[in-house]
1. On the full set of protein chains, 1.4 Å probe, figure out the accessible area of Val141 and give it in Å² to the nearest 10.
2. Would you mind putting 166-174, 75-83 in packing order, based on average other-beta-carbon counts within 10 Å, highest first?
Amino acid sequence: MKLTKHLISIGGLLLIFASTALGQSRDYKRWEFFGGYSALQFDNLGGDTQNAAVDDILGGRNTLRGLEVALTYNFHKYVGATFDYSLHLREDNFSRPAGSGTIDSTIHNVLGGITIKNNVDDGPRFKPFAHALFGFAHQKVDVDSPQLHAVFGISDFHTNESSFAMAFGGGVDFRINHRFDVRAIQIDWNIINRGDQQTGIVLTPTPRQTVGTHFVIPGTRQDNLRLSAGIVIH
């Protein structure tokens, strides 16, 4: 439901942008708007929590699904400045002898950078492109179960962290007509330099402490693969 609402909103914005673009210069396309489906092969927190039960549940590379939109202003017929946003979501169910529950994962990438592509108005039908994007990623992971303590030996687990992120990649656009292209494929190496993440786990206080402290997952680099396809409007 959440993803459907985002897709409807993005579709409306793209139609508005398309009508605005009608007045652009004819020598090369000044503006470009992309929107489409996206999947993220996510290098998750499994192995980083120092809790064997949590690592078992979170372990492995998950595929999160969502959307990507991008706005590019071409200041040269081969070079443009790009703003890129993607949202990826996943909900997993787990079941163990001691209990069951859900894991909700959300990743936002907010990036900007340079795109290189042939933007000539009467350019080729197949238009390969490459980009380098920089910004931040916000990721959230929540583990919810009525038997959380019985399964994991903890009373709570959630993370909420913003980190420096990059995306290096490209793809191929296929021209349909003067106004529309199909982005057949886009592949990005999405690097997130994740900072230390404070979880919802409260450690048992030592004899010198009056209250427990939050368990922090040490920062590391996550190497993710982002795949996207959709429609380009000029």
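The values are calculated or read from the model by the stated rules, or taken from the named source; none is laboratory data. All values reported here derive from a predicted model rather than from experimental measurement. We place every Cβ from the backbone using ideal geometry, glycine too, and count neighbours over all the protein chains shown. These area figures cover heavy atoms from the full protein model, side chains too; ligands, DNA and RNA do not enter into them. Shrake-Rupley method; radii C 1.70, N 1.55, O 1.52, S 1.80 Å.
1. 10
2. On the way: 166-174: 18.3, 75-83: 14.8.
Averaged packing, sorted descending, gives the order 166-174, 75-83.
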